[in-house]
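Peer 1: Let me give you the structure first, and then I'll get to my questions.
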Amino acid sequence: MKPMPLAELWTHFAGSPLLGLSLTLMAYLAGVWLFKRSGQKPLCNPVLIAIVLIALLLWAIGMPYQRYFDGAQFIHFLLGPATVALAVPLYAYWKRLRQMALPLVVGLFAGSATAAFSAMGLAWLFGASPETIFSLGPKSVTTPIAMGVAEQIGGIPSLTAVLVILTGILGAMGFPAFFRLLKIRNHATQGFAVGLTAHGLGTARAFLVSEEMGAFSALGMGLNGVLTAVLLPLLLSLVLH
Amino acid sequence: MLNTLTLLLLFQLGGELSVRLLGLPIPGPVIGMTLLFLTLLARGHVSQDTRADTGSFLQHMSLFFVPAGVGVMVHLQRVASEWLPITLALVISTFAGMAVTAWVITAMLPKGDDHAPGEHA
């Protein structure tokens, strides 16, 4: 094989998924390394670090987001099978989940309404534009559901995806200290509340504490996803018309 | 690992198919999760391998959010010009939702069930 000139080499790799893929993995591993190195400091959240590193690099080399995503979408795709995989811890804790069914269901309705309506209310109160307000409505719900709901209620799906991820990072960073403050120690209760408000990112962090917390977080995330998908568009159309 | 990945993808496919066929307002993977859960419930057990594989897969779930998160680049201008309402809405509503959920559950749980694991005798 003949050696390629540098400029041509760049065009070749900028167009292949390899660049976006390896960049995402390296940035995430750097984030995980820092998180462990810092003694799991909340601000050293691996996802936050990875996003900042990648965005800075793309900006520095002038690569558009869409080009990066063409490669990174293979990692994005794994959100699907990961969601399906949550069935396994759910099944493992099924007996305990059933014992708590009534408190969980009441908590679900109260928490889901609080998360969605306080977000939209606060944004409205502090003068956000209507598209931003509606993009905030489903922000506690896992990415694919949230994007679908945003589209239905007049938000911007890609903005919602970003708000969802920011919410997840916040929830994952904050919940250990927050529950210490509230003196709530039960792993099942904590997990359910974390998954309900901070979806998959909260769930991933909950699994680091215990498998029980992770399983309840998966349940909270799944139930709030379904509830928000069904009820939020309906309630908003009733309120606004 | 390969068995587990195939299993997960097949259930996701089943979920996507049912969503399209029935016109459900819920994403395919969530239906796939429900279908897999019902299957496990019907079978009454889950293999050690599947449990270990899904465990290590889920450990890195946060990685899968990174590509969509980098999309913040595209919305930087809006986020910068509306940073105050967005920040307040995100921070307050996330922790308000968390607190309300946890308080309701704690209030409704029988006394004595409110322990951290391993704390009771």
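Peer 1: Of all the helices (runs of 4 or more DSSP H) wholly in segment A:1-70, which have at least 2 residues that are touching a residue at least 40 places away in the same chain (Cβ under 8 Å)? Give the steps one after another, and end with the answer.
Peer 2: Numbers: elements: A:6-14, A:17-37, A:46-61.
In segment A:1-70, A:17-37, A:46-61 are the helices (runs of 4 or more DSSP H) which contain 2 or more residues that are touching a residue at least 40 places away in the same chain (Cβ under 8 Å).
Peer 1: Here's another thing I want to ask about it. Across segment A:178-208, what is the total count of residues that are within 7 Å of chain B (Cβ to nearest Cβ), more than 18 Å from B:Val104 (Cβ to Cβ) and either among the aromatic types (Phe, Trp, Tyr) or surrounded by fewer than 23 Cβ atoms within 10 Å (Cβ to Cβ) (or both)?
Peer 2: Number satisfying all stated conditions: 1.
Peer 1: Looking at A:Phe117, A:Phe74, A:Phe175, can you tell me which residue is in contact (Cβ under 8 Å) with a residue 24 or more places away in the chain, more than 7 Å from chain B (Cβ to nearest Cβ), in a helix (DSSP H, G or I) and of a type outside the set (Gly, Ala, Ser)? Before you say what the answer is, go through the steps one by one.
Peer 2: Values: A:Phe117 fails: in contact (Cβ under 8 Å) with a residue 24 or more places away in the chain; A:Phe175 fails: more than 7 Å from chain B (Cβ to nearest Cβ).
The match here is A:Phe74.
Peer 1: Name the residues in segment A:77-91 that are more than 7 Å from chain B (Cβ to nearest Cβ) and surrounded by fewer than 21 Cβ atoms within 10 Å (Cβ to Cβ), would you?
Peer 2: Correct list: A:Phe77 only.
Just so you know, all these numbers are worked out from the coordinates, no wet-lab data involved. Please read these numbers as outputs of a predicted model, since none were measured by experiment. Don't worry about glycine lacking a Cβ; one is built from the backbone with ideal geometry, like all the others, and counts go over all protein chains shown.
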